[in-house]
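S.K.: First the structure, then my questions, so here it is.
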Amino acid sequence: MEPNAGSSYRSRFGLDVKFVLLEDPAAKLAAFRKGDIDVMWDTVDNWAREASILAEQGQKAKSIVMQDWSRGGDGIVSLASINSIEQLPGHKIACTQFTPSHFLLLYLLSQSGLSPADRAAVEKNVIFSQDAPAAAAMFKAKQVDAAVTWEPDLSGAVTARGSEAHVLVSTTAATHIIADTLVARQDVIDRAPDTIRDFVHGWLLGIESIKKDPTSAYAQVGRALKLDADTVSGMLSGLKLTGYADNAQFYGLAGGHPHYETLFNTAFIIWRKKGLVTRSVDAKDWADTRFVAALAADYPGEKVEEPVLKAKAPSASDRAIINKQIEIHFTPGSDEIMPGSFIVLDSLGETMTSFGNTYLRIEGNTDTTGSPKANMTLSERRALAVKNYVLQNFPGVEAPRFQTIGRGSTNPVASNATEGGRQLNRRTEIKVILATQ
């Protein structure tokens, strides 16, 4: 898309901005490194990989603004008999290697209650496809039991196999895993920081324009991409376009831990385990939040808008897509969390952030030492203590999303006749429950 004399970039900031469509990721990165383009699009998971490549070459760049969250646009279609990530072992899965789809699968596995051996077994059963539509086609043809793909192929795959298929999980539930960002070369930032600030400001104004008048915006994008407005609308329907408040939250400018850093660093670890990257990079060194921060005065009082989940009691129809046990140490006989468990609880808070449209069920369990009544009360208090820690340390997590249950000694997983068995029974179980079934 050529610079437009009537654009906000020109009229408000005096900038000429040219948008170039490069669908080949390797060609895009090559053009960015060469200087043919100054700013490139990336998903945060892929940015972690490309940042490592740049570091290998002695080059620098920074994430300067988040574009959007995937909200239903990406997901896993599976046989209806597979109801959780923990049930994937033994099944064939189609996926496109080293893409956001691949990252989504590996991230979900890392969050699951599967053992390292079981996670490795799932990965061995992954069949890599040429692209996401091809993965969906393999599921439609009954060549695999699950496929990681995106819309409209995700819904199409379910329709093709009818009642024997469903969406196992998508970014409708896993709301904060796939994020798009714009990345600027360091030399451009150093040479023209005010221009980058104005570019970011113009981008956010564009997001506001789309939200205020989507019909006109879709028509304009359609003309540039030679697509009809309905197709553009369908493409954007699985996204949440992110304005200033979302960006401030994402980069940690509004308090709390920057989720950008969580996603970037998690992706780097995943790609390094796969041998895809070698040069170590850290998220905080590959983002420049000054440009979003400089716009705070232009957006006074703007808040992140998300669907609000109402408190919901546990029910037999609940489907838990993630089921795992975590080891939380309490002061004996009390609900006081010992400091050694904070890192585990911080990880739990990140899980709740990543799965923003879900409920988190916390089930406290004890052994049979002591009276049943006292054990029941203690397990309830400990489950509530876990909830309170997350609420205090993760401002974006809302209280109605928690379901806390104390089971006392009524749900043992081992014999209470031995210390080893009692230790197994003293546990906290975590279930990530879909908000909509």
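What follows draws every value from the coordinates through simple rules; no lab data is involved. All of these numbers come straight from a predicted model, not from anything done at the bench. Cβ atoms come from the backbone with ideal geometry, glycine included; neighbour counts cover every protein chain shown.
S.K.: So, in Å, what gap is there between the alpha-carbon centers of region 125-188 and region 1-76?
M.R.: Using only Cα atoms to place each centre, the spacing works out to 23 Å.
S.K.: How long is the gain from S216 to Q143 if the chain were fully straight, where each residue apart is worth 0.36 nm and the alpha carbon distance is subtracted?
M.R.: 22.1 nm
S.K.: How much net charge surrounds I270 when only the other residues with a Cβ under 12 Å from the Cβ of I270 are counted, with Lys and Arg +1 and Asp and Glu -1?
M.R.: +3
S.K.: Taking the Cα centre of the chain as origin and charging only Cβ (+1 Lys, Arg; -1 Asp, Glu), how large is the dipole, in debye to the nearest 20?
M.R.: Roughly 760 debye, rounded to the nearest 20.
S.K.: Report the Cα centroid-to-centroid distance between region 415-430 and region 215-260 in angstrom, as an integer.
M.R.: 47
S.K.: So for the chain, averaging the separation of alpha carbon pairs under 8 Å that are six or more residues apart and normalising by length, what relative contact order in percent results?
M.R.: Once normalised by length, the contact order is 19 percent.
S.K.: Which residues does the label zone of Q186 cover in region 24-57, counting backbone N under 12 Å from a point 7 Å along Cα→Cβ?
M.R.: Inside the label zone: 52, 54-57.
S.K.: In nm, to one decimal, how far is the K312 label point from the D282 one, both placed 7 Å along Cα→Cβ?
M.R.: The answer from the label model is 3.9 nm.
S.K.: So what's the angle, to the nearest 10 degrees on a 0 to 90 scale, between helix 259-273 and the longest Cα principal axis of the chain?
M.R.: 80
S.K.: Pairing the Cα long axis of helix 100-111 with the longest principal axis of the chain, what angle in degrees results, from 0 to 90 and rounded to the nearest 10?
M.R.: Once rounded, the angle reads 20 degrees.
S.K.: Under the rule of -39500 (n - 2.57) per DSSP H run of 4 or more residues, summed and divided by the residues of the chain, what mean residue ellipticity at 222 nm is obtained, to the nearest 500 deg cm²/dmol? Don't jump to the answer; show the numbers that get you there.
M.R.: Details: 17 runs with 183 residues, N = 437.
Result for the chain, helices only: -12500 deg cm²/dmol.
S.K.: According to the square roots a ≥ b ≥ c of the eigenvalues of the Cα gyration tensor, what is the shape class of the chain, taking rounded for a/c under 1.5, prolate for a/b larger than b/c otherwise, and oblate for the remainder? Don't skip to the end; give the middle numbers.
M.R.: Details: a/c = 1.93, a/b = 1.59, b/c = 1.22.
Prolate shape, in that a/c is at least 1.5 and a/b is the bigger ratio.
S.K.: Which of A31, A287, A179 ends up with the largest GNM mean-square fluctuation for the chain, with Cα atoms connected below 10 Å?
M.R.: Of the options given, A31 has the highest mean-square fluctuation.
S.K.: Shifting gears a bit: Within region 247-326, which GluC sites (Glu not before Pro) sit in a loop by DSSP and count at most 11 neighbouring Cβ atoms inside 10 Å?
M.R.: Sparse-neighbourhood loop GluC sites (Glu not before Pro): E305.
S.K.: Set the Förster radius R0 to 25 Å, insert the Cβ-Cβ distance between S415 and E327 as r into 1/(1 + (r/R0)^6), and round the FRET efficiency to 0.05.
M.R.: Using R0 = 25 Å, I get an efficiency of 0.80.
S.K.: Which of L109, L378, L239 moves the most in a Gaussian network model of the chain with Cα springs under 10 Å?
M.R.: L378
S.K.: On a 0 to 90 degree scale, rounded to 10, what angle separates helix 193-212 from the longest Cα axis of the chain?
M.R.: Approximately 70 degrees, to the nearest ten.
S.K.: Now a separate question. Using label points projected 7 Å from each Cα along Cα→Cβ, tell me how many nm separate E336 and K373, to one decimal.
M.R.: Label-label distance for E336 and K373, simple model: 2.5 nm.
S.K.: Only Cα pairs within less than 10 Å get springs; with that Gaussian network setup on the chain, which residue of S216, S112, S354 has the largest fluctuation?
M.R.: Maximum fluctuation in the GNM of the chain, among the listed residues, is at S216.
S.K.: Which residues in region 415-437 place their backbone N less than 13 Å from a point set 7 Å from the Cα of S163 along the Cα-to-Cβ direction?
M.R.: No residue qualifies, since no backbone N sits under 13 Å from the label point.
S.K.: Express the Stokes-Einstein translational diffusion coefficient of region 74-170 in µm² s⁻¹, to the nearest whole number, given a Kirkwood radius over alpha-carbon pairs, 20 °C and a viscosity of 1.002 mPa s.
M.R.: Rounded to a whole number, D works out at 168 µm²/s.
S.K.: Points 7 angstrom from Cα along the Cβ direction at Q59 and S237: gap in nanometres?
M.R.: 3.8
S.K.: What are the residues whose amide H is under 5 Å from the amide H of H329, where those residues sit 5 or more places off or on another chain and H is modelled from the backbone?
M.R.: Distant-sequence amide H within range of H329: M338, S341.
S.K.: Does region 320-434 come out rounded, prolate or oblate by the C-alpha gyration tensor, with a ≥ b ≥ c the root eigenvalues, rounded set by a/c under 1.5 and, if not, prolate when a/b is larger than b/c and oblate if not?
M.R.: Judged from the Cα gyration tensor, region 320-434 comes out prolate (a/c at least 1.5, a/b above b/c).
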